[in-house]
1. Which one is farthest from GLY35 (Cα to Cα), of the residues in region 71-80 that are outside any strand (DSSP E or B) and of a type in the set (A, V, I, L, M, F, W, C)?
2. Which pairs turn up if I take residues in region 81-107 that are part of a loop (DSSP other than H, G, I, E, B) and look for partners that are basic (Lys, Arg) with beta carbon separation below 7 Å, at least 6 apart in sequence or on another chain?
3. May I ask you to list the residues in region 36-47 that are surrounded by 24 or more Cβ atoms within 10 Å (Cβ to Cβ) and assigned to a strand (DSSP E or B)?
4. Any chance region 132-149 includes a residue that's out of contact with any His (no Cβ under 9 Å at 6 or more places or on another chain) and among the β-branched types (Val, Ile, Thr)?
5. Scan region 111-152 for residues that are part of a loop (DSSP other than H, G, I, E, B), surrounded by fewer than 17 Cβ atoms within 10 Å (Cβ to Cβ) and more than 17 Å from the chain's Cα centre (by Cα) and jot them down.
6. Can you report the number of residues in region 53-75 which are acidic (Asp, Glu) and touching a strand residue (DSSP E or B) at 6+ places or on another chain (Cβ under 9 Å)?
7. I'm trying to understand the selection: among the residues of region 174-191, which are of a type in the set (Ser, Thr, Tyr) and farther than 19 Å from HIS134 by Cα?
Amino acid sequence: MKTQEELIQLDVIPQFTEEVVGTDLLNIHSIETFGTHDGPGIRMVVFVQGCQFKCLYCANPDTIALKGGSWLDIEELVKRAINQKPYFGKKGGVTVSGGEPLLQRKVIKKLFRRLHEEGINTALDSNGRLIDQHAKELLEETDVLLLDVKHINNEWHKKLTGKSNLSVLKVADYRESTGKPMWLRYVLVPGWSDQAEYLHELGQRFKDFTTIQKIEIQPYHMLGVHKWEALGMEYGLKGVEPPSKEIIERTVSIFSQYFKEIKVN
C-alpha cells in the first residue's frame, strides 16, 4: 500500500516540456508591480502559469492550464526586482504567486536564492499542492509563506478545488516545523466556506502554531466571471453572491478566538 505522501505525488507532476525542465526559465503568466496585497510591504508579484487545483471561484482561470504563459529567465526577473528595490523599503520584495508556484519549485528556488544574494525579501503564495524535498528546499529560501487554505474539511475542499487538502495541511505542518513565518489565506464563500463549525475546526487545527503571523480573509467576489466566459469555461458558482457584512464579521469573530491577527482583504 502506498503512503499518503506517495499518493499525493501521483498526480502532481506538471507536464512541462523536458527541454525546459531543469533550466533557469520560469513559465509566467504576468508580472505586477507595486503590489500591496501579496505579502509584507510593496512587492513585485510574479504570477506563474499552471495550477492543478480547479477552484470554482478562481479569479484567474487563464492561469490554470499548464501549457501557455511565457518563459522568462530568472536573471531577467532578478534584474527587474533590483530596479524596483528602492520602492520595496524595509518590508517589501518579490512574491511568486499563481497559478501554483510549487509546480515550478526547482526554478523558483534558484530565483529566491538570487534575490537573497541581492538582499531582496521573498514570499511564496501557494495552495500547498505538494510537499517533497524540492518543495522543502524552496520553502527554506522563502521568507514568508502565504498558504491558501481553501477549506479545512477534506470533502468540501474537494468540492471547491477538485483536490484533497491533505498536502495543504502537510505543507502547513512542515512550515511550522521550520519555525519560519507563515500567513494563512482563506477565501470566504457563502454556503461553501462560511460554515461556523468548519471555521472553528480550522482555528482549532492551527491555534497552537507559532509561525502563523496572521490569517487573511478574502471575501468571495465575481470579478473573474467574465474570464471564465471568455475562455468558454462554465463558471461553477453562478448565483452565489459575495458575503454580507454580517458573514464577514461573524468569521472575524470566530477567527479572533484562535489567531492573533485577522485581516480582511
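The values are calculated or read from the model by the stated rules, or taken from the named source; none is laboratory data. Remember, it's a predicted structure, so these values are computed and weren't measured experimentally. Glycine gets a Cβ as well: all are built from the backbone with ideal geometry, and neighbour counts include every protein chain shown.
1. Kept after step one, since they are outside any strand (DSSP E or B), are these residues of region 71-80: 74-80.
Add one more test, that the residue is of a type in the set (A, V, I, L, M, F, W, C), and what stays is 74, 77-78.
Details: ILE74: 19, LEU77: 15, VAL78: 17 Å.
Looking at residues that are outside any strand (DSSP E or B) and of a type in the set (A, V, I, L, M, F, W, C), I get ILE74.
2. GLY92/ARG43; GLU100/ARG129
3. ARG43, MET44, VAL46
4. Of region 132-149, the ones out of contact with any His (no Cβ under 9 Å at 6 or more places or on another chain) are 132-140, 142, 144-148.
Retained after the next criterion (residues that are among the β-branched types (Val, Ile, Thr)): 142, 144.
For region 132-149, residues out of contact with any His (no Cβ under 9 Å at 6 or more places or on another chain) and among the β-branched types (Val, Ile, Thr): present.
5. Kept after step one, since they are part of a loop (DSSP other than H, G, I, E, B), are these residues of region 111-152: 118-120, 127-132, 141-143, 149-152.
In the following step, the residues that additionally are surrounded by fewer than 17 Cβ atoms within 10 Å (Cβ to Cβ) were identified as 118-119, 132.
Once the filter is applied, which keeps residues that are part of a loop (DSSP other than H, G, I, E, B), surrounded by fewer than 17 Cβ atoms within 10 Å (Cβ to Cβ) and more than 17 Å from the chain's Cα centre (by Cα), region 111-152 yields GLU118, GLY119.
6. Start the filter on region 53-75 by keeping residues that are acidic (Asp, Glu), which leaves 62, 73, 75.
Filter once more, so that each one left must be touching a strand residue (DSSP E or B) at 6+ places or on another chain (Cβ under 9 Å): 62, 73.
Number of matching residues: 2.
7. To start, the set of residues in region 174-191 that are of a type in the set (Ser, Thr, Tyr) comprises 174, 177-178, 186.
If the condition is that a residue be of a type in the set (Ser, Thr, Tyr) and farther than 19 Å from HIS134 by Cα, then TYR186 is the only one that fits.
Conditions (1) among the aromatic types (Phe, Trp, Tyr); (2) within 22 Å of THR36 (Cβ to Cβ); (3) without any contact (Cβ under 8 Å) to a residue 12 or more places away in the chain; (4) touching a strand residue (DSSP E or B) at 6+ places or on another chain (Cβ under 8 Å), marked per residue:
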| site | (1), (2), (3), (4) |
| --- | --- |
| TYR220 | yes, yes, no, yes |
| GLY232 | no, no, yes, no |
| LEU237 | no, no, no, no |
| GLU241 | no, no, no, no |
| SER244 | no, no, no, no |
| ARG250 | no, no, no, no |
| SER253 | no, no, yes, no |
| TYR258 | yes, no, no, no |
| GLU261 | no, yes, no, yes |
